[in-house]
Every structure is written in C-alpha cells, then in structure tokens.
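So the structure is just underneath, and the comments pick up after that.
The values are calculated or read from the model by the stated rules, or taken from the named source; none is laboratory data. Treat the numbers as computed from the prediction; the structure is a model and nothing was measured. Cβ sites come from the backbone with ideal geometry, for glycine too, and all protein chains shown count toward neighbours. Surface accessibility is based on the protein's heavy atoms, side chains included, excluding ligands, DNA and RNA. Shrake-Rupley method; radii C 1.70, N 1.55, O 1.52, S 1.80 Å.
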Amino acid sequence: MTDGLKTQRATGNVRPATIIDVAREAGVSFKTVSRVLNGETNVREETRVKVLEAVKTLNYRTNHNARNLRARHSQIICLFYANPSRNYIGEVQLGALQRCQAYGYSLITEDCSDNHSSLLALRAETKLAGAILTPPLSDDDKLISELQDRGIPFVRIAPAEDVEHGQDVAIDDAAAAREMTNYLIKLGHRRIGFIKGADTHAQARRRFAGYCQALAEAGIIKVPDLIQDGDFTFDSGVLAAEKMLGHDRRPTAIFASNDDMAAGVLAVAYRKQINVPRQLSVVGFDDTPLATTISPSLTTIYQPSRELAAEAVSMLLEEASPNGDTPRHKLLDYRLMLRESTAAPKD
C-alpha cells in the first residue's frame, strides 16, 4: 500500500481522501471500492478487508453530495464555457473528460458564448448529475441561480474572490502576473506594455492587478499608452500590439494576459521586422500548447488548466467539506516557464 497521503498529512498539507486514493491504497479499482462501500455482496472477503483498511488508514469519508448525484440516476456532467480561446478550452475539456472517465461518468460540453437567455435550456432533455462552470460563467448569477433552482450541484473554476457560491478551484492569478512582471523588471525592462483580458473575467482583472502591483513596488509609473484592452483572442492581441508598437517610444517588453494574445504580438513584431527577443520581449499566460509551437517559443505562466478542470470534477463527485455544507476553495500551483521570447532590453 502507498503511504503518499499519510506523508502528506504528516507534513500538514491536508486534503480529504477521495475514492481514487482509497482504491490506490487498497490496490483495487475505484469501482470495487464503490461496491464495498455500497455493501454489495459480489466482492471477495479478502478484498473487502483491504478496502476497509484503506478507508480507515486514509480517514476516508463518504461524500453525501456524490451519493446524491448517483441517486439521480445520471452519469452525465456538463462543462459550461464561454471563452474565445480554443487552446485554453481544449485543455480544460481534456482535463474534465479524463477525470470523468476515471469516475465512470460522461462529459458533455455547452458553448454559451452566444446564448445567455437560458443557459440550461439546451440541456433540458438531459438530466445532469452536476456542472462545471468556467470563467466568466463562474460568476454568472443567472446560471448559478438556475442550477441551484434545479438542484444541480456545481463547481466553479476561477470565480471572483468576492462571490461565495459552493466550491471552486483556481490559481493565484495576481501573484502569477506579479511574478512575471518582476521577471521582466529584473531583466532590465522599464517600459513594459500590458494587454488586458476581457473585463468580464475575474482572472483578467487579477492579472492586471498583479502587473500594476509589480510596477508600483519597483517605482515604475504606469504609462496609459502601454496598457491596451484585449478579449483573450489572437486578433485583439494584434490590435493592441499595433497600437503599442506604432509609435517611437515603444515598449521593450509586452505582457499579454493569455498566450493567444501574445501570439498576436509576435505576429505584429514579425511584420514590423522587430526582432524578438533582441528588440522586444513578449510573454503570455496559460502555457497552452500554442506556447511551444510558435516561434520563438513563448515565455509564459503555466496555468494547470487540465488539472483545474480535473480537480473540479473530483470536488464535484468525491471530495467533501468537513461539515458537508461549507464552501471550499482550492488553489493549485502555477509556474513561470522561461523560453525563447524574452531577453534583457537592447541598450
């Protein structure tokens, strides 16, 4: 049996054990664990003992929320999204799908970009076991109210900090953006442009706040011309870069709020024959597959998009808060990924 969770508990990094943890500890499938916990008789006594020992060792507690899901006789979870970045959404969908399959559930997806009148109407014929909400739907009061009215459990990815609705999982976007900006400052950059994401996304607002904080801490005054609006699309990155790189005192570095917009900056730099990174450093956010397929490869913040979605599914189906009704919030780790698109500014 593994002692991974026990070591984790000993170091104080405690998280509730899941049915998959129990299965790993007992050396059986999670479906076998489920049969034991449900009192089914078609399980060998030796296996039953191993499972119960694992349950005791890990202090596993049955999630009544998950039991309620199973009682609905539905094995379908819906991922709701309204994000123009196919690179980001592709990663989220893959993470959710892999975790759903591990639990024996099916995943369906709903693109709500152009339909906010009744976000659940398209799924009226499908009885949902639960829902995963991605930004900006994580803060859509109408959708949240509709889910609550229908009694459909949900977990939100990266909601606004000032909204309390059930369970959510995120990274510290402000801290990540601050770290990236500080990295550019340490390279010697002082004229650092920033392309904001869609303001409807709490993530975008937090990333901009992190950029501003880093500048303030370094004593660098924000220059309005170096701050441009975007909407997380390649085209908005192009438009923002055209504005910033179209005048004499252009930035020596541009920080785009996602990789798609950073790719737009690289395209403009190429057209204007501005060498990256010798004449201009470019950085992004998310570390989608795009970051390593464009040239030069992109320095960016690794946001664990697959893991965020997978964790949201686990929280929905397996993990229980201590008293069963207290909202829980999880932060996952991010990483600064250094690649070819950054260098010290040219003198």
Starting from the stretch 294-322, keep only residues that are over 22 Å from ALA175 (Cα atoms), then list their pairs with residues that are among the hydroxyl-bearing types (Ser, Thr, Tyr) and at pLDDT 90 or above whose Cβ atoms are within a distance under 6 Å, requiring at least 6 positions of separation or different chains. PRO296/SER341
Within the stretch 227-263, work out how many residues are open to solvent by 10 Å² or more (accessible area, probe 1.4 Å), outside any loop (DSSP other than H, G, I, E, B) and not aliphatic (A, V, I, L, M). 7
Of the residues in the stretch 207-226, those that are at pLDDT 95 or above, farther than 23 Å from GLN273 by Cα and assigned to a helix (DSSP H, G or I) come to ARG207, PHE208, ALA209, GLY210, TYR211, CYS212, GLN213, ALA214, LEU215, ALA216, GLU217
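Consider VAL22 carefully, then state whether it is in a helix (DSSP H, G or I), modelled with pLDDT under 80, among the β-branched types (Val, Ile, Thr) and under 30 Å from the mean Cα position of the chain (by Cα). Talk me through it step by step, then tell me what you get.
Numbers: in a helix (DSSP H, G or I): yes; modelled with pLDDT under 80: no; among the β-branched types (Val, Ile, Thr): yes; under 30 Å from the mean Cα position of the chain (by Cα): yes.
Here the answer is no, as VAL22 does not meet what is asked.
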Within the stretch 67-77, does at least one residue satisfy the condition of being at pLDDT below 85 and either among the hydrophobic types (A, V, I, L, M, F, W, C) or closer than 20 Å to HIS201 by Cβ (or both)? yes
Report, by residue number, each residue of the stretch 264-296 that is open to solvent by less than 10 Å² (accessible area, probe 1.4 Å), part of a helix (DSSP H, G or I) and more than 18 Å from TYR183 (Cβ to Cβ). GLY264, VAL268, ALA269
